[in-house]
Each structure stands twice: as structure tokens, then as C-alpha cells.
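Here's the structure, in C-alpha cells; my notes come after.
The values are calculated or read from the model by the stated rules, or taken from the named source; none is laboratory data. None of these values were measured; they are calculated from a predicted model. Counting neighbours? That spans all protein chains shown, and the Cβs are built from the backbone with ideal geometry, glycine included.
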Amino acid sequence: MKKLSGNEIRTMWLDFFKSKGHSIEKSANLIPNNDKSLLWINAGVSPLKKYFDGSVKPKNPRMTNAQKCIRTNDIDNVGRTSRHHTFFEMLGNFSIGDYFKEDVIPWAFELLTSKKYFDFSKNDLYITYYTEDTETKDLWVKEGMDESHMVPLDGNFWEIGEGPCGPDTEIFFDRGTSFDERGIELLEKDIDNERYVEIWNIVFSQFNSKSSLKRSEYPELPSKNIDTGSGLERLACVMQGTRTNFETDLFMPLINKISEISGVEYKGQMAFKVIADHVRTVVFAISDGASLSNEGRGYVLRRVLRRATKYAGTLGINKAFMSELVPVVIESMGEFYPVIKEQEEICKKIITSEEEKFLSTLKKGEQRFMEIASQSGDVISGKDAFTLYDTFGFPIELTSESALELGKKVDMDGFKVEMQAQKERARNARSNDASFSNQNSEFMAFSKKSIFIGYNETSSNSEVIAVFGDSIVLDKTPFYAFSGGQLSDSGTINDIQVTDVKKMPNGQHLHTLANNNFSVGDKVVAKVDTVKRDLTRKNHSSAHLLQAALKKVLGEHVSQKGSQVSDEYCRFDFNNYDAITNEQLFEIEKTVNNYIKEAHPVITNVMSLDEAKSTGATALFDEKYGSKVRVVDMQISKEFCAGTHVSNTKDIEKFYITESSSIGSGIFRITAVTGPRAYDLLEKSTKNLDSEITALNKKAEQLISDGNKKGFSLELKPINYYNNVEGYSYVLKKRETIVDLGSSIKDLEKEFTKLSQKQALSDLDSYGSLIESKAIITTVNLVDSNLIKDLAKALQNKYSLRLVLLVSVSEPKVTFVCATDKSINAGQVVREAAKITKGGGGGKLDLAQAGGKDSSKLDEALEYVKGLL
């Protein structure tokens, strides 16, 4: 067996299958493109599902790849076991209706055992196969595998939900008795062990699973496929002879750097493994456009980073440090994955920012723990412990230890119930990730040519060439099918509404109708809704101008992370180092509108992929491009794009940003409208904001007037009303005015209250007539409890009273404040009065405060206090 580096293993795999006629597929973006069933690309086959279910036909039915993957369903096992990872690479080879068992098994044996390639000894390999699949067993034996190394298993059948399925064969490497003295029974009984390491799985996808049928009755697929997966980390482990995956060259540079930073020697500690694994995940995910947030994949990624930060603490690292590991990841993997080189700075910035936030959150967690502990009895509830864990990242072990120090314990059973509930929520949110849609043999077999003429035409006289249920295919169509973030056209075919248009496996446009009475050969008139098409074109072209403006205002590092355009809006997601300021938004909108006014012609050309790249055209978001591409050139923007566009930027008319938001750490979204809709929304926003400003000014005037009547001199601080602004700038500046006005009015209200309170304290003589039995018991029109206390104490001192009870009522609540000469317990007075009004409170012997919830009981409470006298 050769001792190869991780990079050498990857290269040898790809070169081997290339020599067998496979095309090398570029590793797909970790964020699934147009696949809502997945949070992450989690297997080598995931980005190829469209080929396996027949929705898209590949240019070459033979493909191989090294696919970056993320799986986080077993995150708590990462670092505890030898081979669990959140980020890993899956090597694969695939056949879409081309070769099958008789080819792939000899190739697998050749790659593994040939001295030209991996050079494993066949004596170190063990093969499992589906019990009833004796054909697979015979093919392995024919290649030279000893029958004693062939293990039949009933579980070797790959099947997830309905759709393509079939038997599989797994290849294991025997690491010897030093890992486990037991032998082949470990495989036969499927016992978890460290001796036999699975290094390759080959799935023979040949049946169509149906829930209503027994497995033996499954029909064969119209297109039999091969799907394989081999974990690079596992191959590196066995070929480099390391104890675990973490001692391979894929991880040791990171571990050595962590050791350098922490000053702790690596001796297999879990913390090193967790950090090394998780930093790879975060770097690759952020580089592919993922954000850190409180939901979905952003929440998962945040959890990964925070778990690494927590384990760093066990090594004595209590600062933001993981940005120092980013260059190590790049040094190790940047040659094959250049995207992580390109995104190095933004990765560092986002990681550091998130670490600092979390370290701050941990401190808040400690404070929250003390609050919870002070309000708990002897037991901290499982719900509170889970809140500390889930919201503040407080490990349950730390909660238990801290509770023990206070003589308390944690309801661990309750905590486990909350944890299980979280897992259930996560499980319910996941789809059958690895399952494929049923193959539609009719769609796959349909190969008649259909032409899209919609770039130049919006209507056509066409012929129906296929009917599929409620959908039809035309020999030529003006209808744009959903792709590249642009929603499909709508319109009519012979006055019947077209509700959806999508692409078939062989590229034809499939038109779904509100009702379908057509037959093959029918002559029809297809008409696109030109109003909707025109609005969509404006929005799509504005998205190109927006990207150019973002690069100009924010910097060349900006790249598109997603988009959607329709007749109603343009939505654009992009990366940036920092939050977008209002001033930058003003400049971005202004820049786009300037591009529109400059009236740039929009020119489209179809050219080869290499020629397009040489012109400097930008490819968008991880789209897959063929040998020929369409380039849309607006002079200030040149991009690959198959969408529909205006003929000149002036046709967009107006660009108006309606919303700007952060959708995760380092990822931002701008939503905008164009044309008539931009003018309409801007006018409505202007009217609404002006009305709100007018209402606030009236409120301020009334407050000043009320103050004047009391003899107060109140003034509104100067406000900037921003009269010389327009567009999004107008809206944001007017919102600033509203915020400033609101703040100024609050200041006025505080000043009004303060002056009213001073006025109250300066007129103690007016309370003299209320004295009865050396006490004053009365209601006051004051809201500040501190002032009420000052007034009560001032009255008690001025008149040498036994008791002063002042009551403030704010329906239905009641506030009691009591001051005494200590001959009566003030705390008892307010406590009992509050109890009568369904509240509580207390205080010192001579000054106390309490609150009630039911003012209807106030008279009863006051009678009680009078009774004390």
C-alpha cells in the first residue's frame, strides 16, 4: 500500500476515473442550489440528484468528483470518535444509465490493488454485499478476492423513501488485531469497531422503490445507475497508518497550530480534534456564502463555531483566535479549492466577530445563571438549564458544577427532555436528504427538439409536440422557464392560462396549464403576458447594475450569494465585511440610477465558455454552464446570464431600494423595485412618512402648550427634516427624522414630568389639611416612584407624622409608598395593602413600597391602613 498525502489520494482518484472516460465534476457549492430538501451538500451524489432522477440529462453519463460536504446531525460525536466529522470530502464515481456492476467492480479492484494506483494488498480488504446479490459476489471473486473475505449482509440495500434504490457493496480495510482481536464476526454481526474501516461504498441503483410493494416486487429503473462514495479522510487514515483521521496530514497542520497558540502539547485530546474539524467547516461554509444566524443553516454553522470556541477554553484559549487557523486551512486545501483563498479576509473577519460575540455571550450566560439560581429553590429546572445551553452556549456540565457550588442540583431528566424535543424539531425540519425523486421515464425519453424564441418574441404560432398530464410541450415557445433566479413567464396558450413553465431533462420547456384539453399535433397561439415580462426584464437588468454598484461602492470583494427576480421585485444577496451604512445605501441607489440615466445599450452574445471568461464576464452564484454561454453586456456590467433583459438601461426608468437587511454574518440582502412600481412606492412612502412627521410635530406642540399652562418653559431641540433628498435616501432620512423627533418628544415628556414633580415637592403646605390622627393617607397624581418616596418622607418629616401613605393609581395597577416614624412598620403596611389588591412588596421599617394588580380593591386596602391607626 502506498503512503500518499490527502492531496495525492484525491488527484489519483480523479485521474483514474478520467482515464475510464469520466468527466471531472467541479465540487459544488456547499449551499444547495435550487434544492430546498437539504441544508448542506452532505454527500458526493447530492449535487448530482438532478441526473439520477432524470430531471436533467448530463453531457457525459460518466462522472467523477471530489465533493466537499457538511453533516452536523452527529456533531456531539465529533472529537469523541476516530472518524466523525462535520466537514469532509467524498470521492465518487457515477454512471447515469451507462456502465453497471460488470464495469465498476473491476475498476474498483484495479484502483485499490494495482501497483500503479493505491497498491492495497487484497488480503487486507474485506467486501460486504447484499445477501441476495450473488452476482456482485461473483464479480469480486472473479477479480481475485478470496471468498473468505466476502461477507453477505441483509442490510446492504440502499433505500431512502420512494425512488431509485438498489443493493450496495462496501469495501473495508483490516487494520489488524492491534485494534481488535476479534475477526470477521465484527462485520458479520455489524459490531462497531476500530479494526475494519469502511473505505468505499458502491450503490447499484437499479430499482424504483414503491411503498406499496415488497422489495422483491420493485420494478427496474428505466435507467440503471452507479453511485459511489469514498471518504478521503478515511482513505488518508489507513494509507498513512494513523490511529485516527485526525493524525493525518489533513488535520495535523491545524492541530500543530492550535498547540502553538495554546501552549498545550497534543496527546489526542478531544478539544484539538473538535477545533481542527470545526474550523474547516466554518471556513468552507463562509467561503461558499453561508452566514451565521439564529435559524436554519446559519444556526447550525453558529453552533459549530461556538462548540469550537467552548472547547478552546479547555485548552486555556479564552480569546478570539480561530482566524489564525484560516491560513492553515488555505495552505492545506486552497490549491484544490481556490474559493477559500479568495474569501480569506472575509472568513477571518466573520469568524473573529462571531467568536467575540460568543465570548461576550458566555459572560452573559454566567450572569443569567446567577439570576436563575437566585430565583430557584434547591433544583434548577431542566428548562432553565436548556435555555442556558441553547441560548447562551453554557455547557450543561458547567451548569451542574456551578449549581453544586451553591448547594443546588440540576434537573437532568428535564434537561434531557428539552434536548430530545430540540432534536425532534431538527429531525422534522429535515427532509429525506439523500433520497431522489422518482425517475420520470417519459420525461427522460422525450427528445424532440423544442426552440425557445422568447428573447425576441412574446407570441408565436406553435404546434403541440407532447402532452404530459396538465402540461404540454411546443415545437417553439416564447415562454421563459424558471432558471437563474428569474421566475417563469405567465400568459396564455389559446386563451388558457399558463401557470408555470419549467425545463425538462433534455432542455424543452414544459408549460403547465390551468386546464389541458390539447392533443399532440394541435396548432396553438402562445402569448406571453407582456406587462409582466416587461417588469421582470427591468428588475433583472437592475440586478446586474446593482452588483456593479455594490462593487463600486463597497469593493471588488463583493459577490452574489443568491438572487430572485420577478415582475414585482429584484432581490439580491451578497457578501460584505461590515454592515451596510445608510450613506452607502444612498450611494448604491444613486449609482444604479446614474447607470440607468447614462442609457447604456444592453448587448447579448452567445460564445464559448472559454471565450466568455477571457472577456472578463462574471459567472453568477455556482451555476453550471455548458460549452456555450450567453453573455449580457451593459458596458458597466458583463455577466453570464440566460435571463430576459431590457435593450437599454434607460428602459429601467427608476431604481428604488425598498429594504436592506442582514441575513447572517457577512451576508446581506437588498430588495428593490423598478419602473412604475418604483415611482408608486416612493410616492406612497413619502406621503406616509410626511404624515407621521406631521403627527409627531403636533404631539410636541401639545406637550409644550400643556407645559406653558403650568408655567414650564419647554422647547423642542432642533430637528433636521432633510428636505433636499430623494429615493431611498428620502425614505431613510425621513425615518431618521422620525426617530429624532420621537427621541426629542421623550426628552420633553421627561422634562415635563421632572418639573411637575418639583412643583409637587415645593407645595407641601397643601397637604396639611389632610392630616388625621398624625397621619396622611391620600392618592397622588405622580408616576415616578422615587419622587413619591421623596414626597412621603418630606411630609413625614415636615409634620412629624406617625405615617404617610401615598397611593398612585394607573388602572388597574396600584403603587403604595409608606413613610413612618418607625412606630409603625412601613414594610408591613404596604405589604398588607398590596396583598389586598392582589400584589406584593415591602421594604424598610421607615420607608417601603409595594404594588397591587387590582385597583378595585383600593378602598378596602385604605380602610385596613386606617384601622392600624
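Below are the figures for this structure:
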quantity	calculated
Members of region 243-270 found to be charged (D, E, K, R) and within 30 Å of the chain's Cα centre (by Cα), listed by number	Lys257
Among residues of region 813-829, those that are without any contact (Cβ under 8 Å) to a residue 24 or more places away in the chain and in a helix (DSSP H, G or I), counted	3
Those helices (runs of 4 or more DSSP H) lying entirely in region 339-398 with at least 2 residues in contact with a Leu (Cβ under 6 Å, 6 or more places away or on another chain)	344-375
Answer residue from region 700-714, given it is part of a helix (DSSP H, G or I) and hydrophobic (A, V, I, L, M, F, W, C) and is farthest from Leu755 (Cα to Cα) among those	Ala700
Given (1) over 30 Å from Ala617 (Cα atoms); (2) touching a residue at least 60 places away in the same chain (Cβ under 8 Å); (3) of a type in the set (A, V, I, L, M, F, W, C); (4) surrounded by 15 or more Cβ atoms within 10 Å (Cβ to Cβ), index of the condition Leu546 fails	(1)
Tally, over region 702-729, of residues that are at pLDDT below 80 and among the hydroxyl-bearing types (Ser, Thr, Tyr)	2
Filter result for Gly155 (outside any helix (DSSP H, G or I) and either among the β-branched types (Val, Ile, Thr) or out of contact with any strand residue (DSSP E or B) (no Cβ under 7 Å at 6 or more places or on another chain) (or both))	yes
Index of the failed condition, His600 passing every other in (1) surrounded by fewer than 20 Cβ atoms within 10 Å (Cβ to Cβ); (2) in contact with a helix residue (DSSP H, G or I) (Cβ under 7 Å, 6 or more places away or on another chain); (3) of a type outside the set (Ser, Thr, Tyr); (4) over 26 Å from Ala678 (Cβ atoms)	(4)
Top-ranked residue of region 641-672 - restricted to ones that are β-branched (Val, Ile, Thr) and surrounded by 19 or more Cβ atoms within 10 Å (Cβ to Cβ), ranked as nearest to the chain's Cα centre (by Cα)	Ile667
Whichever residue in region 786-812 is of a type in the set (Ser, Thr, Tyr) and loosely packed, with under 14 Cβ neighbours inside 10 Å and, among such residues, is farthest from the chain's Cα centre (by Cα)	Ser800
Neighbours by Cβ (under 6 Å, 6+ apart or cross-chain): first from region 311-340, closer than 16 Å to Ser27 by Cα; second of a type in the set (Ser, Thr, Tyr)	Val339/Ser287; Ile340/Ser287
From the options Ser744, Ser762, Ser756, Ser766, residue that is more than 30 Å from Ser800 (Cβ to Cβ), of a type outside the set (Asp, Glu) and out of contact with any Pro (no Cβ under 8 Å at 6 or more places or on another chain)	Ser744
Where a residue in region 274-287 is under 20 Å from Lys561 (Cβ atoms) and its partner, wherever it lies, is assigned to a helix (DSSP H, G or I) and acidic (Asp, Glu), with Cβ under 9 Å and at least six apart	Val282/Glu354; Val283/Glu344; Ser287/Glu342; Ser287/Glu344
Residue ID - farthest from Thr169 (Cα to Cα), chosen from residues in region 208-231 that are touching a residue at least 60 places away in the same chain (Cβ under 8 Å) and over 35 Å from the mean Cα position of the chain (by Cα)	Pro222
Selected residue (criterion: modelled with the highest pLDDT) from residues of region 77-106 that are charged (D, E, K, R) and within 20 Å of Phe284 (Cα to Cα)	Glu89
Every pair of residues 6+ apart whose Cβ atoms lie under 6 Å, when the first sits in region 404-424 and is farther than 11 Å from Ser376 by Cβ while the second is in a loop (DSSP other than H, G, I, E, B)	Gly414/Ser381
Filter result for Val45 (modelled with pLDDT of 95 or more, touching a strand residue (DSSP E or B) at 6+ places or on another chain (Cβ under 7 Å) and buried (at least 19 other Cβ atoms within 10 Å of the Cβ))	no
Residues satisfying the stated conditions in region 1-42, i.e. of a type in the set (Ser, Thr, Tyr) and within 20 Å of Lys59 (Cα to Cα)	Ser19, Ser23, Ser27
Test for Asn440: is it modelled with pLDDT under 65 and within 24 Å of Asn42 (Cα to Cα)	no
Within region 629-650, tally of residues that are among the aliphatic types (A, V, I, L, M) and more than 21 Å from Asp567 (Cα to Cα)	3
Residues being crowded, with 18+ Cβ neighbours inside 10 Å and out of contact with any Ser or Thr (no Cβ under 6 Å at 6 or more places or on another chain) - total across region 464-479	6
Qualifying positions in region 480-504 - under 28 Å from Lys561 (Cβ atoms), of a type outside the set (S, T, N, Q), in contact with a Lys or Arg (Cβ under 9 Å, 6 or more places away or on another chain) and crowded, with 20+ Cβ neighbours inside 10 Å	Tyr480, Ala481, Gly485, Asp489
Elements of type strands (runs of 3 or more DSSP E) in region 436-537, at least 1 residues being of a type in the set (S, T, N, Q) and touching a residue at least 24 places away in the same chain (Cβ under 8 Å)	459-468, 471-474, 491-493, 509-513
Residue ID - surrounded by the fewest Cβ atoms within 10 Å (Cβ to Cβ), chosen from residues in region 91-103 that are in a strand (DSSP E or B) and in contact with a Leu (Cβ under 7 Å, 6 or more places away or on another chain)	Leu91
Inter-residue pairs, beta-carbon under 8 Å, first modelled with pLDDT under 80 and among the β-branched types (Val, Ile, Thr) and in region 354-366, second surrounded by 15 or more Cβ atoms within 10 Å (Cβ to Cβ) and assigned to a helix (DSSP H, G or I), 6+ apart	Thr361/Phe392
Inter-residue pairs, beta-carbon under 6 Å, first in the same structural domain as Thr11 (by TED's automatic domain parsing) and farther than 20 Å from Ile226 by Cα and in region 61-72, second surrounded by fewer than 22 Cβ atoms within 10 Å (Cβ to Cβ) and among the polar types (S, T, N, Q), 6+ apart	Arg71/Asn42
Residue that is modelled with the highest pLDDT [pool: residues in region 274-301 that are out of contact with any helix residue (DSSP H, G or I) (no Cβ under 7 Å at 6 or more places or on another chain), assigned to a helix (DSSP H, G or I) and surrounded by 18 or more Cβ atoms within 10 Å (Cβ to Cβ)]	Asp277
Filter pass, Lys684 being modelled with pLDDT under 90, under 34 Å from the mean Cα position of the chain (by Cα), farther than 30 Å from His557 by Cβ and buried (at least 19 other Cβ atoms within 10 Å of the Cβ)	no
